[in-house]
Amino acid sequence: MAEHEERIAVSNRKARHDYHILETLEAGIALKGTEVKSLRKGNGNLQDSYAMIKNGEVWLHGLHVSPYEQGNINNHDPRRIRKLLLNKKEIRKLLTKVQEKGLSLIPLALYFKGPYAKVQLAVAQGKKSYDKREAIKQREAKRDIAHRLKRSATS
């Protein structure tokens, strides 16, 4: 069987800044035809989106998929709640983790694996503002060190 190529349609870059990622998993997503076409063009936004477990099913809230330009009256609602496709064992495992204090389900990326749309879902814990500042300091320090090393190597 041939390997399917993965092509990221939308990513949530802010998620890694706002959350400590504890675990990730891949879930399918139930989309309508015009949503698939719009996402293949990269017209989506995962910022401020999250997943919830309700009645034994996982639902993705806050994903904005722009209406498809060539779509007609059958176009989709851009902010509708979409179902994530996971098996019961995975949902039970997620439910036990989310019930722990302060853990959330955050989508990191939406991509296509062959003909199927997939969501990379993370079990995450929200960062405090001082954690964010510390991460920024560390990133800037690494950048400064790399810049100094590069400068000393050229002179």
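The values are calculated or read from the model by the stated rules, or taken from the named source; none is laboratory data. All figures in this text were calculated on a predicted structure; none of them were measured in a lab. Positions of Cβ are generated from backbone atoms using ideal geometry, with glycine treated the same way; all protein chains shown enter the neighbour counts.
Kindly indicate which of L60, L22 is exposed (fewer than 14 other Cβ atoms within 10 Å of the Cβ) and part of a strand (DSSP E or B).
Exactly one of L60, L22 is exposed (fewer than 14 other Cβ atoms within 10 Å of the Cβ) and part of a strand (DSSP E or B), namely L22.
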P67 being surrounded by 12 or more Cβ atoms within 10 Å (Cβ to Cβ), outside any strand (DSSP E or B) and of a type outside the set (A, V, I, L, M): yes
Matching option when the condition is within 20 Å of the chain's Cα centre (by Cα) and assigned to a helix (DSSP H, G or I), among L94, L108: L94
Sole exception among (1) without any contact (Cβ under 8 Å) to a residue 60 or more places away in the chain; (2) farther than 20 Å from F112 by Cα for T34, by number: (2)
Condition broken by A135, with the remaining ones in (1) loosely packed, with under 15 Cβ neighbours inside 10 Å; (2) farther than 16 Å from Y19 by Cβ satisfied: (2)
Failed item in (1) surrounded by 16 or more Cβ atoms within 10 Å (Cβ to Cβ); (2) in a loop (DSSP other than H, G, I, E, B); (3) at pLDDT 80 or above, with R13 passing the rest: (1)
